[in-house]
Amino acid sequence: MGESTIKKFGTFGGVFTPTLLTILGVIMYLRLGWVVGNAGLLGAWLIIIISFLITTCTALSMSSVSTNIRIGAGGAYAIVSKSLGLEIGGSLGIPRYISQGLAVTMYIFGFREGWLSVFPGHNAFLVDIVVFVLLFAIAYKSANLAIRTQYIIMAIILCSLISIVLAAYYGSMEYSTIDAAKWGNFKGSIENDFTGTNFWLVFAVFFPASTGIMAGANMSGELKNPRHSILYGTMWAVGISFVIYMLLAYWAARSATETELLTNYNIMIDRSFYGPAVIAGVLGATFSSALASIVGSSRILQAMGEHDVIPKGNWLAIRNKSGEPRNAMVVTGIMVFVTMLMRDLNAIAPLVTMFFLITYTMLNLVVIIEQNLGLVSFRPTFKINKIIPWIGLITSISAMFIINAMLSLISVLVVFAFYFYLTKRDLNAPFEDVRSGLFVSFAEWAAKNASLLSRRQERAWKPNLLVPVTNAQLVHGDFYFLKNIAYPKGSVKLMGIGTGSKTEELSTSLFSISQAFQKRGVFGSWSVLRTNEFAKGVNFGIQALEGAFFNPNIVYLNLRKCNESPEELSTIIKEAIFSKIGVLLFVPHLTSGFGQRQTINVWIRDRSPRWQISWDIGNLDLSILIAYKLQLNWGANIRLITVIENEEEMAQARKFMDGLMDLARLPQTEKIVVSGNFFDYLKKAPIADLNIFGMLPEPDFDSIYKVSEQTNSSCLFVRDSGYENVMA
């Protein structure tokens, strides 16, 4: 099935609408007044702020990590899976899917209660069946129909809020702000005969109202631009709903007495300008929440089926021609119907909240891990402060145990049980995750973990430089350049080459230099080969280090300081390419060095007529990755330049550059596409402090010197190893 046949949604319809409608749910209409009655306005505001603090931090974490990966279908399940692996993602996704199904049933029951308050003579079970059939029919037909239905519900909820605004305008707020703005007495509820309650129990009642932030992310596989939509749709929905809750709490505190707020769950209906509008809002809120949950849960199930996390995965992963997961929808519908037969979910309803909070915990943990690993592959276009996921993590865990400590432990045990089950499944992920990066990070202080890595992985790539040295004094001039390429998580391996008494002097100097790298946050190591033949020594070193703890992935050569013949350098470059090691051939400018370290030009060869972007973009990955590292450590700007001979290819070249920058997550990069002769343009190209060029397997040193002279700057000639991928 072609991707083009799947209906894709934008930010407003795909994320903002379902998220906002799920947050503005039945608790807002039927329990917010009770919260204010118990906690007072100040207590209610504090409860709202704490609740939204937890969800906002998690929403920011989710938005940040979603701008760093191709999220695909499954929402939070996909995010966790692509970061920490299918086993952890599945152990979270399975209970989350079940809890989403239970949530649908609870929303149906909530709709029924609202309906019976208007039509008390109707049969309760029949109301449940009719609502379920209607929900399932809409969701089964298409997500597009579900979203269009939610537009209607949004209009209904807006009308209900307007009814409250009109009530305030026409004098419903008869009590003064001074009287309303107080801390509550926490008298309890009708159900416990007003024998008392406390702040955290009231918080536990309100908190589920703020847990709708995943409703839009669940549609991640059907969004036109998930990186943009999840961020902006979720944050706008959270921000607007927070303002609405704060204002409604203020209106309730000034529109009714404490007794009325405690004893009348329909106080918002009674005090509104037009009660039926608010009743319609209650019904619309429960219906829209149920609709978002049934649509979202089927997408989670389909995504898990696609990755074979659950039995019959191939069957559950099937989509029809329009992209609808009909098989997953049928299974979800059966689960919802079975839970409806239980008639009362009060005993297990808190489990739904627990699994939401565990999901929040894992999302924040993903960002904490990614931020602290320092991998080049983690470069989200939306960055957040490191304290935000920590706040989200701590508050999510705290909220779990505040609401119900026993159920929290049970929920965690359920997740662990699924995890151990999935580890036995020997799952094969069609994508890479950062677990290898975790092991590499630990290996810097515990070398024994390095053996756990079976191969290099593109997402865990970082520069591990091999620097041949015959004279330690010559390394000092390149010290900060090497440090800026490797920092913070790369390494520099200094390989001395000499004989006789020179080796002792070289060893002492290289040890001192490696220690200097360590002090500046770069792992440094050294060794000395006793030989008079530079090229052979370097090549033997490359071969010997392939099985080392930190095996190098880049050979660094300074053309002006090597004092070796072009033939010897060519031999080293050929051996590096044969051993799948990248090459950096540096040609420093004799007078200006690196100038102001403000601008880096990366030159892309003429790719005519093949401008299509694929996972393999040829000898270009390492050039961009090195430029990105220098950009971070210098605070510089990157400029991409390509010179094409055929002017008719310019549109395709620009499209290639735009697509490459989007996939490489380098949105602020300047791009230049010109037609003409390469060497002619080189003379008048924009000035840069460093120019980076690709290099042929058998470099032409005359051309290298010519290019260096014409740019009038330091130049870096790069050859990929094949293990780098700027799009990873």
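Derivation of every value follows stated rules applied to the coordinates shown; laboratory data play no part. Since this is a predicted model, take the numbers as computed values, not measurements. For neighbour counting, all protein chains shown are included, and Cβ atoms are generated from backbone atoms with ideal geometry for every residue, glycine included.
Quick notes on this structure:
- Count Lys and Arg as plus one, Asp and Glu as minus one, and take only other residues whose Cβ is under 12 Å from that of V707; the net charge is then -1.
- In the chain, helices alone account for a calculated mean residue ellipticity at 222 nm of -19000 deg cm²/dmol, with every DSSP H run of four or more residues adding -39,500 (n - 2.57).
- Placing R0 at 22 angstrom, the Cβ-Cβ distance between K321 and H122 gives a FRET efficiency of 0.05 after rounding to 0.05.
- Contour excess over end-to-end distance, with Cα ends at E567 and M342 and 0.36 nm allotted per residue: 72.9 nm
- Comparing L620, L261, L696 along the charge dipole axis of the chain, the residue lying farthest to the positive side is L261, per the Cβ-charge model.
- In this label model, R70 and L590 are separated by 4.8 nm, measuring between points 7 Å along each Cα→Cβ vector.
- When the range 461-579 is reduced to its Cα atoms, the Kirkwood hydrodynamic radius in Å: 14.2
- Sequence of C715, C562 once ranked by neighbouring C-beta atoms within 10 Å, starting from the fewest: C562, C715
- For the range 151-310, fraction of C-alpha pairs farther apart than 28 Å, in %: 36
- Counted residue by residue at 0.36 nm each, then reduced by the alpha carbon distance between them, the extension gain from N404 to L53 reaches 124.4 nm.
- If the chain linking N372 and I334 were pulled fully straight, counting 0.36 nm for each residue of separation and taking away their Cα-Cα distance, it would gain 9.4 nm.
- Pairs exceeding 21 Å between alpha-carbon atoms, taken from K82/K629; K489/K519; K493/K629: K82/K629.
- DSSP beta bridges in the chain [antiparallel fraction, %, rounded to 5]: 10
- Virtual spin-label span in nm between E260 and V133, 7 Å along Cα→Cβ: 4.1
- Y77, Y175 arranged by Cβ crowding within 10 Å, fewest neighbours leading: Y175, Y77
- Charged side chains reduced to their Cβ positions (Lys and Arg at +1, Asp and Glu at -1) give the chain a dipole of some 200 debye around its Cα centre.
- FRET efficiency, N646 to S527 (Cβ-Cβ, R0 60 Å, nearest 0.05): 0.75
- In plain terms, the C-alpha convex hull of the range 3-423 casts an average shadow of 19.5 nm² when viewed from every direction.
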